[in-house]
Amino acid sequence: MTHHRPPPPRGSGDGWVTLSSGQVKWGLFGAAGMLLRHDDAVLLARRAEWVHGGNGQWSVPGGAIDKDEMPEHAALREFDEEIGPVPRGLRIVGIHTVVIEADVWSYHTCCALVDERPTYTELGTTENDEARWWHLDEVDSLPLFPPFAQALPHLLRIYDEAASA
């Protein structure tokens, strides 16, 4: 039986936004997620079926940005709420932003390196069914959340550029 912590207090960014296209997005001020990498592995979360667009697909843990919150702070807060403590030695090496509608909604993926690869057996919320480390060679074979799959080449380029800097 999996035990979960009580839900976090509702944030000022929690809520739905309807774009001019009619598309609905979570996060009144946009959303952010955290992609952790340790050596040649990344930590991904399998989104719960009940989560908007979840479909049991793999992606980064993340969620709504609160008013006046920086994307990297939102991504760290969401990681802690959904997955658990961030591994030691976290170094953000870049942020990939996808603007879905200018001045209305964007998604920010924070790319970070960490010094350890902990196992997360009890997640902080029910938004994800599982979190685990995947070798980079395995990621393409997973059922990925489509926006994450589209961003993945850009995210990996951020890590490559950080390694060569």
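Every number in this text was worked out from the coordinates using simple rules, so none of it is lab data. It should be emphasised that the depicted structure is a prediction, and the values quoted were computed from it without experimental measurement.
Quick look at the values:
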| item | result |
| --- | --- |
| Quarter of the Cα convex hull surface for segment 10-141, i.e. its orientation-mean projected area (nm²) | 8.1 nm² |
| Length released on extending from residue 162 to residue 80, taking residue separation times 0.36 nm less the Cα-Cα span | 27.1 nm |
| Rg(Cα) / (2.2 N^0.38 Å) computed for segment 85-165, rounded to two decimals | 1.22 |
| Relative contact order (percent, whole number), segment 23-164, Cα cutoff 8 Å, 6+ residue spacing | 31 percent |
| Over the chain: helical MRE at 222 nm, DSSP H runs n ≥ 4 each giving -39500 (n - 2.57), nearest 500 | -6500 deg cm²/dmol |
